[in-house]
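Following: one structure in structure tokens, then a few remarks.
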Ligand code: IPE
Ligand code: IPE
Ligand code: MG
């Protein structure tokens, strides 16, 4: 289906609620993470169908390293397994898969799978799927600042030339457009250190559905919510209407 003008080009999702989904079924938390992979698959398909161009999924935050060691290691194994299982299908569907986050913190085995998946799908021209693993918004901004400072210190970037564009280009999402719509499942209404810079003007949609239960109806409800928003970027509503 072609995207109409009210379809967000870039959707970001904080996939929350796996642990509670499992607990409600008296299952270990890990069962919730496993079940969450199905919701990822459905969301990718629906995003592509609805004409979304970029989908950025928060899979593991900088702060999630603080979870029990067993949960973290099972999650990392799940990432490897899911990559192995899903990449061919993504490729068949013309999806370009990329990862953002502190790759240096991941195991060599996972990094190898990530790089292979990125290389395998690099030429695809359909949906761009970005998965945030070991990602934190503050980390992202600090890394960008570090790189800008290095260029300023070695004289290749005059300090007076540093502006928002210089900064945005150094961030993990680089030249991609900012997310238009942020969805968070699981009932919490917070950003949890996701894309702090890039979400500046995103429309925010929170729903109680736990991530493993997130389906087409929930995604369409979020898109319908987005379609009704008037995005003003500081202007008045009248200015926006006049601009048509
Ligand atoms: C989100 O689900 C997945 C990750 C953060 C890795 P949670 O594991 O946070 O699930 P809840 O919030 O405990 O239900
Ligand atoms: C945010 O969920 C991170 C991901 C979904 C990957 P959390 O469950 O870690 O967030 P908090 O701790 O409730 O803020
Ligand atoms: Mg959570």
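Any read-out appearing in this document is the output of simple, stated calculations on the displayed coordinates, not a laboratory observation. All values reported here derive from a predicted model rather than from experimental measurement. Note: ideal-geometry Cβ built from the backbone for every residue, glycine included; neighbour counts use all protein chains shown.
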Answer yes or no as to whether residue 20 is part of a helix (DSSP H, G or I), within 12 Å of ligand 3 (Cβ to nearest atom) and in contact with a helix residue (DSSP H, G or I) (Cβ under 8 Å, 6 or more places away or on another chain). yes
Those residues of region 4-44 which are without any contact (Cβ under 8 Å) to a residue 60 or more places away in the chain, closer than 23 Å to residue 224 by Cβ and buried (at least 16 other Cβ atoms within 10 Å of the Cβ), in sequence order: 40
Checking the condition in contact with a helix residue (DSSP H, G or I) (Cβ under 9 Å, 6 or more places away or on another chain) and more than 16 Å from ligand 1 (Cβ to nearest atom), which residue from 55, 75 passes? 55
Do we have any residue at all in region 3-10 that's touching a strand residue (DSSP E or B) at 6+ places or on another chain (Cβ under 6 Å), within 13 Å of ligand 2 (Cβ to nearest atom) and assigned to a strand (DSSP E or B)? no
Take region 85-134 and flag every residue that is touching a strand residue (DSSP E or B) at 6+ places or on another chain (Cβ under 8 Å), assigned to a loop (DSSP other than H, G, I, E, B) and surrounded by 13 or more Cβ atoms within 10 Å (Cβ to Cβ). 95, 101, 102, 106, 124, 126, 127
For region 119-145, name all the residues that are out of contact with any helix residue (DSSP H, G or I) (no Cβ under 9 Å at 6 or more places or on another chain) and over 30 Å from residue 87 (Cα atoms). 142
Among the residues of region 23-54, how many are in a helix (DSSP H, G or I) and more than 27 Å from residue 71 (Cα to Cα)? 6
Looking only at residues in region 152-198 that are within 16 Å of ligand 1 (Cβ to nearest atom) and in contact with a helix residue (DSSP H, G or I) (Cβ under 7 Å, 6 or more places away or on another chain), which one is nearest to residue 7 (Cα to Cα)? 183
Is it the case, given these coordinates, that residue 57 is away from ligand 3 (no atom under 16 Å from the Cβ), outside any helix (DSSP H, G or I), touching a strand residue (DSSP E or B) at 6+ places or on another chain (Cβ under 9 Å) and in contact (Cβ under 8 Å) with a residue 60 or more places away in the chain? no
